[in-house]
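**Student:** What follows is a single structure, and I will ask about it in a moment.
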């Protein structure tokens, strides 16, 4: 008689590994699973012995860090445990209905606030069977401690174990509120001498580079206001505090609604475009593919909007 049993590692060891990987800590994993720190350590060691080298974690002073092998295993184990949990829930409920497919998305915070969240209802209406769990981070794709199905970052970049896909292009150009122009018109670039320029401390070269591209590097504004994030400079522009260098994708809704205007649309600076990064292990997932297709379609629709008119 043939033995068709699958060679599966111990389930408790997989649970311990997955929790420790998410928390980057044996101690926190132990607290989550209501076991001792030593139990987590033993389960992880058992899994490493069962799988064979290389190790899954690097043991550091007060934390643990996934090795590339561990990260690859986590990308498979996390979704598998989610599916097991969903199957158990269906059995307990007994209604036979499949729960929503869970899609774990990680994106830049400002991108979420100014682009993704205002459009997410469109995706939910089109795909009611997919539950999007959204979190934000500025960490690089390969520095995230938890596994995600979709990661949105600037690009293009290359990360081992991930594929990237462009879905939204972007440039930078000056923007301000209509009320500001009523007080201080901006008919030509020289008129910036009468205005306050809004600067983001993390992007100190944006205004000098734009003025150089416009052929007027000699212009000095009446005053400057520096904020620690470009999202704050956009809010300051909306509030009429000055003229900001805005990213076209993230201010498209404000331009279309007339809350912001672009006095000099003919001169803009290139910047990093938005890419979606997917673990190679998730390429065949229908929910992942549906979300990525929607991102590309929505990004393409935004790019076909008419360029902001001159003032």
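The values are calculated or read from the model by the stated rules, or taken from the named source; none is laboratory data. Please read all numbers here as calculations on a predicted model, not as lab measurements. For neighbour counting, all protein chains shown are included, and Cβ atoms are generated from backbone atoms with ideal geometry for every residue, glycine included.
Here is a yes/no grid of residues against (1) assigned to a strand (DSSP E or B); (2) under 30 Å from residue 263 (Cβ atoms); (3) under 14 Å from the mean Cα position of the chain (by Cα):
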| position | (1), (2), (3) |
| --- | --- |
| 120 | no, no, yes |
| 123 | no, no, no |
| 135 | yes, no, yes |
| 154 | yes, yes, yes |
| 163 | yes, no, no |
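**Student:** Right, another one. Scanning for something out of contact with any helix residue (DSSP H, G or I) (no Cβ under 8 Å at 6 or more places or on another chain), without any contact (Cβ under 8 Å) to a residue 24 or more places away in the chain and surrounded by 14 or more Cβ atoms within 10 Å (Cβ to Cβ), does the range 11-26 turn up at least one residue?
**Tutor:** Scanning the range 11-26 turns up no residue that is out of contact with any helix residue (DSSP H, G or I) (no Cβ under 8 Å at 6 or more places or on another chain), without any contact (Cβ under 8 Å) to a residue 24 or more places away in the chain and surrounded by 14 or more Cβ atoms within 10 Å (Cβ to Cβ).
**Student:** Among the residues that make up the range 121-137, is at least one of them more than 19 Å from residue 287 (Cβ to Cβ), in contact with a strand residue (DSSP E or B) (Cβ under 8 Å, 6 or more places away or on another chain) and loosely packed, with under 15 Cβ neighbours inside 10 Å?
**Tutor:** no
**Student:** Further question: Answer with yes or no whether residue 38 is surrounded by fewer than 13 Cβ atoms within 10 Å (Cβ to Cβ), at pLDDT 85 or above and farther than 19 Å from residue 133 by Cβ.
**Tutor:** Answer is yes for this residue.
**Student:** Let me ask something else. Report yes if residue 185 is within 20 Å of the chain's Cα centre (by Cα), assigned to a loop (DSSP other than H, G, I, E, B) and not assigned by TED's automatic domain parsing to the domain that holds residue 65, otherwise no.
**Tutor:** For residue 185, the condition - within 20 Å of the chain's Cα centre (by Cα), assigned to a loop (DSSP other than H, G, I, E, B) and not assigned by TED's automatic domain parsing to the domain that holds residue 65 - is not met.
**Student:** Of all residues in the range 282-298 being out of contact with any helix residue (DSSP H, G or I) (no Cβ under 7 Å at 6 or more places or on another chain) and within 17 Å of residue 161 (Cβ to Cβ), which is surrounded by the fewest Cβ atoms within 10 Å (Cβ to Cβ)?
**Tutor:** 284
**Student:** Restricting to the range 239-259, name every residue that is surrounded by 17 or more Cβ atoms within 10 Å (Cβ to Cβ), under 25 Å from the mean Cα position of the chain (by Cα) and either outside the structural domain of residue 197 (by TED's automatic domain parsing) or not in a strand (DSSP E or B) (or both).
**Tutor:** 248, 249, 250, 251, 252, 254, 255
**Student:** Are any of the residues in the range 263-272 free of Cβ contacts under 8 Å to residues at least 60 places away in the same chain, surrounded by 18 or more Cβ atoms within 10 Å (Cβ to Cβ) and out of contact with any helix residue (DSSP H, G or I) (no Cβ under 6 Å at 6 or more places or on another chain)?
**Tutor:** no
**Student:** Looking at the range 267-275, can you tell me whether even one residue there is modelled with pLDDT of 95 or more and over 25 Å from the mean Cα position of the chain (by Cα)?
**Tutor:** no
**Student:** Also, quick follow-up: Within the range 188-217, can you find the residues that are in a loop (DSSP other than H, G, I, E, B) and within 19 Å of residue 266 (Cβ to Cβ)?
**Tutor:** Correct list: 188, 195, 214, 215, 216, 217.
**Student:** Could you check, for the range 160-174, whether at least one of its residues is modelled with pLDDT under 90 and at negative phi?
**Tutor:** Within the range 160-174, one or more residues are modelled with pLDDT under 90 and at negative phi.
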